[in-house]
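Heads up: the structure comes next, in structure tokens.
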Amino acid sequence: MKPSTLFIASGGAMILFGLLALANPFAASLAITTFLGALFLIGGVIQAWLAFNDRDGAYRVWHAVVAFLNIVVGVWLMADPLSGTVSLAAVVGALFLIMGALRLLIGMQLPNGQLRWMLLLAGIASIVIGVLVFSDFQNAATAILGLLLGIQLLADGIGLVVFGLSSRNL
């Protein structure tokens, strides 16, 4: 199979999953939360293994603490994905506000030019999204992660399809 065909096929799959995530952002948000819980749990188990196999013991306590925290968060996210989704949505909303403010500050320090205006617009957009998340948190909390996933999958999928098609012409 040609690499261009792989790019197009994987891009098509990403577009399909992006559309599914946008069609049901609540289910996609719960899926993301459960997946993150599994990743935390796996990371905690690996960290615990490191704690038990640290030969000189210099970092054993730190490995054990990180393992415990990862396992607790992983089990919590997987046992109660709805509550985890709400918590993650609050973090995402706060990140949008913080990143938007930072982009505005950096943009204001740059001399006039295209980059300055792009940073200012990106900063304003991030702040608006953060405000939207917190202005209707009840509804946004269960949908924001799924919407962001859907948008990201669509963008990446379209990019891969375009890349695959253009690489066929080379």
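Exactly one residue out of Ile158, Ile151, Ile124 is at pLDDT 90 or above and under 18 Å from Asn24 (Cα atoms): that is Ile151.
Filter segment 61-71 for residues that are touching a Gly at 6+ places or on another chain (Cβ under 9 Å) and open to solvent by 70 Å² or more (accessible area, probe 1.4 Å) and give the result. Within segment 61-71, Phe68, Leu69 qualify. Annotation: Leu16 fulfils all but one of (1) open to solvent by less than 60 Å² (accessible area, probe 1.4 Å); (2) modelled with pLDDT of 95 or more; the unmet one is (1). Going residue by residue through segment 125-146, is there one that turns out to be surrounded by 13 or more Cβ atoms within 10 Å (Cβ to Cβ), in contact with a Lys or Arg (Cβ under 8 Å, 6 or more places away or on another chain) and part of a helix (DSSP H, G or I)? The answer is yes; a qualifying residue exists.
For segment 38-60: of the residues being open to solvent by less than 60 Å² (accessible area, probe 1.4 Å) and under 25 Å from the mean Cα position of the chain (by Cα), which is modelled with the lowest pLDDT? Top of the filtered list is Gln47. All told, Thr5 falls short of being among the polar types (S, T, N, Q) and under 23 Å from Leu145 (Cβ atoms). All of Leu104, Leu120, Leu77, Leu82 fail the test of being open to solvent by less than 50 Å² (accessible area, probe 1.4 Å), of a type in the set (A, V, I, L, M, F, W, C) and under 19 Å from Leu41 (Cα atoms), apart from Leu77. Might you let me know whether segment 12-27 holds any residue that is in contact with a Phe, Trp or Tyr (Cβ under 9 Å, 6 or more places away or on another chain) and in contact (Cβ under 8 Å) with a residue 12 or more places away in the chain? Among the residues of segment 12-27, not one is in contact with a Phe, Trp or Tyr (Cβ under 9 Å, 6 or more places away or on another chain) and in contact (Cβ under 8 Å) with a residue 12 or more places away in the chain, which makes the answer no. Looking for something touching a helix residue (DSSP H, G or I) at 6+ places or on another chain (Cβ under 8 Å), of a type outside the set (Phe, Trp, Tyr) and touching a residue at least 40 places away in the same chain (Cβ under 8 Å) - is there at least one such residue anywhere in segment 101-118? Scanning segment 101-118 turns up no residue that is touching a helix residue (DSSP H, G or I) at 6+ places or on another chain (Cβ under 8 Å), of a type outside the set (Phe, Trp, Tyr) and touching a residue at least 40 places away in the same chain (Cβ under 8 Å). Leu170 satisfies every condition listed in (1) closer than 30 Å to Leu16 by Cα; (2) part of a helix (DSSP H, G or I) except (2).
The values are calculated or read from the model by the stated rules, or taken from the named source; none is laboratory data. These figures come from a predicted structure and were not determined experimentally. A quick note on method: Cβ atoms are made from the backbone with ideal geometry, for glycine too, and the neighbour counts reach across all protein chains shown. For the accessible areas, the whole protein counts, side chains as well, though only heavy atoms, and no ligand, DNA or RNA atoms are used. Shrake-Rupley method; radii C 1.70, N 1.55, O 1.52, S 1.80 Å.
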